[in-house]
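Participant: Let me begin by handing over the structure; questions about it come next.
The values are calculated or read from the model by the stated rules, or taken from the named source; none is laboratory data. On a predicted model such as this, the values are computed, not experimentally measured, just so you know. Here the Cβ is made from the backbone with ideal geometry for all residues, glycine too, and neighbour counts use every protein chain on show.
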Amino acid sequence: MTMNLLLTGALLLLVSGVPGLLLSRASGLGERIALLLVAAGTVCGLTGVAGVLRSPVPLLLHLPWSMPGGSLSLSADGVALIFLLPIFIISFCGALYGLGYWKQAEHQRNGRKLRFCYGLLAGSMALVVLAANAVLFIIVWELMALAGYFLITTEDDKEPVRKAGYVYFAATHLGTAALLVMFVLLGQTTGSLDFVKPQSLDGTAPLAGLIFFLALLGFGSKAGFMPLHLWLPGGHGSAPSHVSAILSGVMIKTGIYGIVRVAGFYTAPPAWWGWLLLVIGTISGVMGVAYAIAQHDLKRLLAYHSVENIGIIGIGLGLALIGRSYHLPLLTGLGLAGALLHVINHSLFKSLLFYTAGAVIHATGTQEIDRYGGLIKSMPKTAVLFVGAAVAICGLPPLNGFVSEWLIYLGFFQAVQHSSIGVALSAMFAPALALIGGLAVACFVKVFGITFLGNPRTEAARHGHEAPASMWLSMSLILLFCCLLGLIPWVVQPLLRRAILDWGTELHTAAATFAVARLPWLSIAASVLLLVLLLLFGWLNWQRHRYPQQRGATWGCGYQFATERMQYTASSFADTLVSLFSWGLWPQKHDCKVLGTMPTESHFSSHTPDLVLDRMVLPLSTHIAQACRWLRRQLQQGIIGIYLLYMGLAVAGLLALSSLLGGAQ
Amino acid sequence: MNLLSLLILHSLLLLLLAPLLPGIIAKTKAFFGGRKGAPVLQLYFDLNRLRRKGMVVSPTTSWIFFVGPLLAVAVPLTASLMLPFGGLAAPVRFGGDAILFVYLFGLLRFFTASAALDTGSAFEGMGAAREVSFSCLAEPAVLLVLLLLGRLAGSFSLQQMLAPQQLAVAWPAQGVTLGLALVTLLVVVLAENARIPVDDPNTHLELTMIHEVMVLDHSGPALGLIEYGSALKLWVLGGLVVQLSLPPLLPTDLAATTLLFIAGQLLLALLIGIIESVMARLPLPRVPALLIGSGLLAAFGLILILR
Amino acid sequence: MTEQLLQLLPFAVILLGFYVLASQRLRACVEAVALQGALISCYPLLLHGFEGQALMLSGGALLLKGIVIPLMLLRAMRKLQIEREIESLIGFIPTLVVGVVVAAGAFLFADTLPLALEHHHSLVVPTALATMGCGFLLIITRRKALTQVLGYLVLENGIYIFGALISKVLPAMVEAGVLLDLLVAVFIMGIVLHQIKREFSTLDTQPLTELKE
């Protein structure tokens, strides 16, 4: 029954865009039906999630299917629940948001395609998480990847969008290639393409390392770990905002799901698995946020923050794997709980950030941060929503981002206490997490300050307007979740307990984990903070009424004629940190030195292209393409005699090969 | 002692004594400068005066402008609840409160810098940029110290890490490592409280300031909150240093330990005054080197106790 | 007392090494190296007590490393009018990071060395290794000839600590020889520095790479 509910939910999402295809371009009925179907699917799905949580064991569903090697088997366990929850919630919020953001009436050309693919993506993600057979998994995985491609290229009449789509397409298929090999090898080990129970395979087997590495490669390219992140900035930057939100908030998590699932199959994995994830996670985290600071395009910046947060999740998973290698249930529990909670948290605040970014872009018509300013006055609601999401993503109390990072820190603390230096040294990665947090604060102060505060820098920013009701309704819903998870984090405890248990840990692990990480204390501390804040607010307000308040221009240090353009810009704000990280960012700075006592006009700007994509992969592929073109010119002479010669050579070569092979036999 | 009386005593100690510290620092600096200087209680007078003033508010600003001052007091107050004051135990203590302690100050920084940007002034933007850039480097250093203390104490609660009984055992055995941690903490305290050699609280050139420039536009009760908040912050962060360096030959008596803690705070203020008098502010490009260097010291110390 | 000093001394020595790695100001660097030299000259006394050979070693080191050579370097600085090191290829912060990693590595690595049992958990060997590492780093990363001389001095300080540990079996003449070598080396470097300055009117060693063919 519960499985049927989940399946129905997934299928409803899957087909939600189909009715719209049958209606005319101008009709707005399709989008309403799509929203209704998504809402119905979400209700089914969430009821299903609750059902699985109530059942004591993971649920299984086998359906007849005539596919060689494949059986239509689905399963829902605690790990899957963690991922299903954001899939359903964010799909619904995105559909609601899309109603106002991408109106069919305004986007007749691509509105129906967008809704169709959105449904496909949402439904296939749910199926990816539910699939319990490699063939089924790969099919829905590819469906998800394709839907993602068409969503990124929604505005396929623009050149950069097509380019970003192409990069995504190449990256995702390289990942799938690695996954195909991985599943074949996995099938060889287990003898079946059905997924096995957690902790049922030997981690020390010779193939295990290779399988894990391939999984990291394949799933990591979807998740966006640092050297494999090359499709993220372009992809998330080009898609419509609610699509960026679901791609960045939810779809990349399916990569994390894959890693968790495959790593979970193994018992006592070698320690290098965890260490590798820790190192990759740290690199992704630190460099992701460093790149984000250097960006001036709002959506590209948010995309790099996804890399950062995937890095944080990677750090948590790395700790969990190290814990499993050394049989430290507490370390496993805390690392896993932190990583999985961060999956939920990130899906919430990242979606909210993309939604608010969408509202800002909708109102001003540009993605350049330096063209905003002062939006808090024309878009007060959006500003509140953005501040909430920014505080959450920076991992600051009292919102939800803090809770998951706190769990990971507790994991580090378990590690540092261990007597073996092999485990204890992993705690040296904890400062990296602190650095990530600090850099994230810097980045979001920059985004928030330059976008919403101060005076409007351009005419467009002066005339900002609040988003329509459907958009801010869905945004407020997410902010509510962020606050709830931050203020009363213990509500997710049963979910996390279940996930830890279903990852194949010993029975007492989950209980021990939450005996160490006592979440209710966070609620107490948060409420103290809020109480003090409230009291002080009351006092300040009282004082303001008692003693008259005057308006006066901002102190310009003696200068009277300050204009909007004299405000601090994003480039300047980021400059200290960008130069500090210039060894990894290679920023291009165009600055003229101010010379002489009466300097002439001068300007400063900085631009940071992606090191991996723009400085390595693209130049490399250009060179390869050039070499191939050169080769083709050499081969294609246009003389028939030469082509005959090729044929002759080919036949001779084949004959020689066959005789050689025959000789070998 | 029951929780309520502990809570009241703990908070009163903080709220009443904290404004003494900036006064002592100023007095010390005046002494070194050969001046008489303002009275030690000057901040109390200032706060009382600011309370009764009307505010001047720029039309550019929004509600964010007031969140900064409110958090400036709320955050140190909340954070102080997790810190033991000598013999007075921390009223709120749980495993992992050390992380909450550090991150609360991150929240404060977010809104202080945002409030600075809210005025639309280029100078305040500059200060905000420096503040958030330099603090990024201080945070890993603090975390390394916490890991180090946590390893020694076997707990991740500030109460356990800084408990005098625990430190009395740890100092003779791991004195050098703890010394490294202490140096790191001191540098962080100076940096976070906008003190020389990182920042100069008394400079009057906006271009060279970090923290002070961010609060240029605040006035009246809001400025009072900020001034009071920075005194509280100095007390709370300085409390870490004092608590850590309380001598191991400590009396077990509760009252005596607490008195010693208060004396330690006053001594620390004196020390900061001396540092400010004899040192020059570092050029801004060298500040990251100082913070990273102090973090490396703690990292070195951590490796030493891990081996 | 000796025990506690043996605990504290290594850290002072290593921290001074870090300071030299991080500092830009040459005068402060020279002073730090002088202090380091003076500190390590205590090692023979601490390790072997007050006896003839140890006293001689200590006194010699104190005189040369702590006083004579630093004074010579300061004089060279005055005559050549150099005050600051210029940013090296990898910068000061990365050098410091590498230095700390090397020092931490020395502490981790020293435990695995096949040492005599009484030296097994002592801090002497890792201190020697870490100091030598700092010296190496200075020689590798710095561009001014004077700082390279400082690097050589720090490296020698590390070797001296090792030497102090085994001075029981090492004839005093060898030690004295080493110290004398050092003095002569610094002398020669002083002359070379002067020549470089006269030829190229800079103390940057970069132009010297022209001489590779």
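Participant: For residues that are within 7 Å of chain A (Cβ to nearest Cβ) and over 30 Å from A:THR451 (Cβ atoms), scanning just region B:86-102, find the one that is surrounded by the most Cβ atoms within 10 Å (Cβ to Cβ).
Facilitator: Only one residue tops the list, namely B:GLY96.
Participant: Residues that are crowded, with 24+ Cβ neighbours inside 10 Å and in contact with a helix residue (DSSP H, G or I) (Cβ under 9 Å, 6 or more places away or on another chain): find the helices (runs of 4 or more DSSP H) completely inside region A:387-462 holding 3 or more of those.
Facilitator: Where helices (runs of 4 or more DSSP H) fall fully within region A:387-462 and carry at least 3 residues being crowded, with 24+ Cβ neighbours inside 10 Å and in contact with a helix residue (DSSP H, G or I) (Cβ under 9 Å, 6 or more places away or on another chain), they are A:400-417, A:430-452.
Participant: Check region A:353-363 and report whether any residue there is closer than 17 Å to A:ILE256 by Cα and buried (at least 24 other Cβ atoms within 10 Å of the Cβ). Working first, answer last.
Facilitator: Within region A:353-363, the subset closer than 17 Å to A:ILE256 by Cα is none.
Scanning region A:353-363 turns up no residue that is closer than 17 Å to A:ILE256 by Cα and buried (at least 24 other Cβ atoms within 10 Å of the Cβ).
Participant: Any idea how many residues of region B:265-307 are away from every other protein chain (no Cβ under 14 Å) and either crowded, with 21+ Cβ neighbours inside 10 Å or among the hydrophobic types (A, V, I, L, M, F, W, C) (or both)? So that I can check it myself, show each step before the final result.
Facilitator: Let us first name the residues in region B:265-307 that are away from every other protein chain (no Cβ under 14 Å), namely B:265-278, B:281.
Then keep just the ones that are either crowded, with 21+ Cβ neighbours inside 10 Å or among the hydrophobic types (A, V, I, L, M, F, W, C) (or both); that gives B:265-276, B:278.
Residues meeting the conditions: 13.
Participant: Also, quick follow-up: Is one or more of the residues making up region A:473-488 surrounded by fewer than 24 Cβ atoms within 10 Å (Cβ to Cβ), facing chain B (nearest Cβ under 9 Å) and of a type in the set (Val, Ile, Thr)?
Facilitator: No, region A:473-488 contains no residue that is surrounded by fewer than 24 Cβ atoms within 10 Å (Cβ to Cβ), facing chain B (nearest Cβ under 9 Å) and of a type in the set (Val, Ile, Thr).
Participant: Which one is modelled with the lowest pLDDT, of the residues in region A:11-51 that are of a type in the set (S, T, N, Q) and under 26 Å from the mean Cα position of the chain (by Cα)?
Facilitator: A:SER16
Participant: So for region A:158-165 (the condition being of a type outside the set (Gly, Ala, Ser) and within 17 Å of the chain's Cα centre (by Cα)), does at least one residue qualify?
Facilitator: Within region A:158-165, not a single residue is of a type outside the set (Gly, Ala, Ser) and within 17 Å of the chain's Cα centre (by Cα).
Participant: Moving on to the next point. Grab the helices (runs of 4 or more DSSP H) fully contained in region C:1-91, keeping just those with 3 or more residues being more than 12 Å from the chain's Cα centre (by Cα) and surrounded by fewer than 16 Cβ atoms within 10 Å (Cβ to Cβ).
Facilitator: So the answer is C:2-22, C:52-61, C:69-80.
Participant: Next question, about the same structure. Does region A:146-190 hold any residues that are small (Gly, Ala, Ser) and in contact with a Lys or Arg (Cβ under 8 Å, 6 or more places away or on another chain), and which are they?
Facilitator: A:GLY175, the sole residue that qualifies.
Participant: Okay, moving on. Considering only region A:568-602, state which residues are hydroxyl-bearing (Ser, Thr, Tyr) and either surrounded by 20 or more Cβ atoms within 10 Å (Cβ to Cβ) or part of a helix (DSSP H, G or I) (or both).
Facilitator: Selection gives A:TYR568, A:THR569, A:SER571, A:SER572, A:THR576, A:SER579, A:SER582.
Participant: Condition check: under 22 Å from the mean Cα position of the chain (by Cα) and at pLDDT 95 or above. Does B:ALA90 satisfy that?
Facilitator: In short, no.
Participant: Related question: With A:ARG300, A:ARG261, A:ARG324 as the choices, which residue is of a type outside the set (Val, Ile, Thr), in contact with a strand residue (DSSP E or B) (Cβ under 9 Å, 6 or more places away or on another chain) and part of a helix (DSSP H, G or I)?
Facilitator: A:ARG324
Participant: Which condition breaks for A:THR366 when tested against (1) buried (at least 23 other Cβ atoms within 10 Å of the Cβ); (2) not in a helix (DSSP H, G or I)?
Facilitator: Just one mismatch for A:THR366, condition (1).
Participant: Which condition number does A:LEU407 fail, the rest of (1) aliphatic (A, V, I, L, M); (2) at the interface with chain B (Cβ under 7 Å from one of its Cβ atoms); (3) over 17 Å from A:VAL307 (Cβ atoms) being met?
Facilitator: Unmet for A:LEU407, out of (1) aliphatic (A, V, I, L, M); (2) at the interface with chain B (Cβ under 7 Å from one of its Cβ atoms); (3) over 17 Å from A:VAL307 (Cβ atoms): (2).
Participant: Can you name the number of the only condition in (1) part of a helix (DSSP H, G or I); (2) within 19 Å of A:ILE436 (Cα to Cα); (3) within 14 Å of chain B (Cβ to nearest Cβ) that A:HIS342 fails?
Facilitator: (3) is the only condition that A:HIS342 fails.
Participant: Ok, one more. Do we find that A:THR622 is of a type in the set (S, T, N, Q) and touching a Phe, Trp or Tyr at 6+ places or on another chain (Cβ under 8 Å) in this structure?
Facilitator: no
Participant: Can you pull out the residues in region B:181-212 that are outside any loop (DSSP other than H, G, I, E, B) and either modelled with pLDDT of 90 or more or among the small types (Gly, Ala, Ser) (or both)?
Facilitator: Those that are outside any loop (DSSP other than H, G, I, E, B) and either modelled with pLDDT of 90 or more or among the small types (Gly, Ala, Ser) (or both): B:ALA181, B:LEU182, B:VAL183, B:THR184, B:LEU185, B:LEU186, B:VAL187, B:VAL188, B:VAL189, B:LEU190, B:ALA191, B:GLU192.
Participant: Are there any pairs, at least 6 apart or on different chains, whose C-beta atoms fall under 7 Å, with the first in region B:63-85 and facing chain A (nearest Cβ under 9 Å) and over 25 Å from B:ILE8 (Cβ atoms) and the second part of a loop (DSSP other than H, G, I, E, B) and of a type in the set (A, V, I, L, M, F, W, C), and if so, which?
Facilitator: B:ILE64/A:LEU453
Participant: Test each condition in (1) more than 26 Å from A:VAL286 (Cα to Cα); (2) surrounded by 18 or more Cβ atoms within 10 Å (Cβ to Cβ); (3) touching a strand residue (DSSP E or B) at 6+ places or on another chain (Cβ under 9 Å) for A:ALA205 and report the one that comes out false.
Facilitator: Result: A:ALA205 passes all but (2).
Participant: Would you confirm, using the coordinates I've provided, whether B:ALA72 is surrounded by 15 or more Cβ atoms within 10 Å (Cβ to Cβ) and either modelled with pLDDT of 95 or more or not in a helix (DSSP H, G or I) (or both)?
Facilitator: For B:ALA72, the condition - surrounded by 15 or more Cβ atoms within 10 Å (Cβ to Cβ) and either modelled with pLDDT of 95 or more or not in a helix (DSSP H, G or I) (or both) - is met.
Participant: Another question, if that's okay. What is the one condition in (1) buried (at least 23 other Cβ atoms within 10 Å of the Cβ); (2) of a type outside the set (Phe, Trp, Tyr); (3) under 26 Å from A:GLU405 (Cα atoms); (4) within 7 Å of another protein chain (Cβ to nearest Cβ) that B:LEU117 does not satisfy?
Facilitator: (3)
Participant: Condition first: away from chain B (no Cβ under 14 Å) and within 20 Å of B:LEU107 (Cα to Cα). Can you find one or more residues in region A:353-376 that meet it?
Facilitator: Scanning region A:353-376, I find at least one residue that is away from chain B (no Cβ under 14 Å) and within 20 Å of B:LEU107 (Cα to Cα), so the answer is yes.
Participant: Could you please find all residues in region A:489-523 being surrounded by fewer than 17 Cβ atoms within 10 Å (Cβ to Cβ) and free of Cβ contacts under 8 Å to residues at least 24 places away in the same chain?
Facilitator: A:VAL491, A:LEU507, A:ALA511, A:ALA515, A:ARG518, listed by residue number.
Participant: For region A:249-267, enumerate the residues that are among the small types (Gly, Ala, Ser) and modelled with pLDDT of 95 or more.
Facilitator: A:GLY255, A:GLY258
Participant: So, B:VAL56, is that one facing chain A (nearest Cβ under 7 Å) and surrounded by fewer than 24 Cβ atoms within 10 Å (Cβ to Cβ) or not?
Facilitator: yes
Participant: Next up: Are there any pairs with C-beta distances below 9 angstrom linking a residue in region B:31-45 that is part of a helix (DSSP H, G or I) to a residue that is among the hydroxyl-bearing types (Ser, Thr, Tyr) and modelled with pLDDT of 95 or more, with the two at least 6 apart or on different chains, and if so which?
Facilitator: Once the first residue is part of a helix (DSSP H, G or I) and sits in region B:31-45, its partners that are among the hydroxyl-bearing types (Ser, Thr, Tyr) and modelled with pLDDT of 95 or more give B:LEU43/B:TYR228.
Participant: Checking A:ARG565 against (1) in contact with an Asp or Glu (Cβ under 9 Å, 6 or more places away or on another chain); (2) surrounded by fewer than 17 Cβ atoms within 10 Å (Cβ to Cβ); (3) more than 9 Å from chain B (Cβ to nearest Cβ), only one condition comes out false. Which one?
Facilitator: For A:ARG565, the exception is condition (1).
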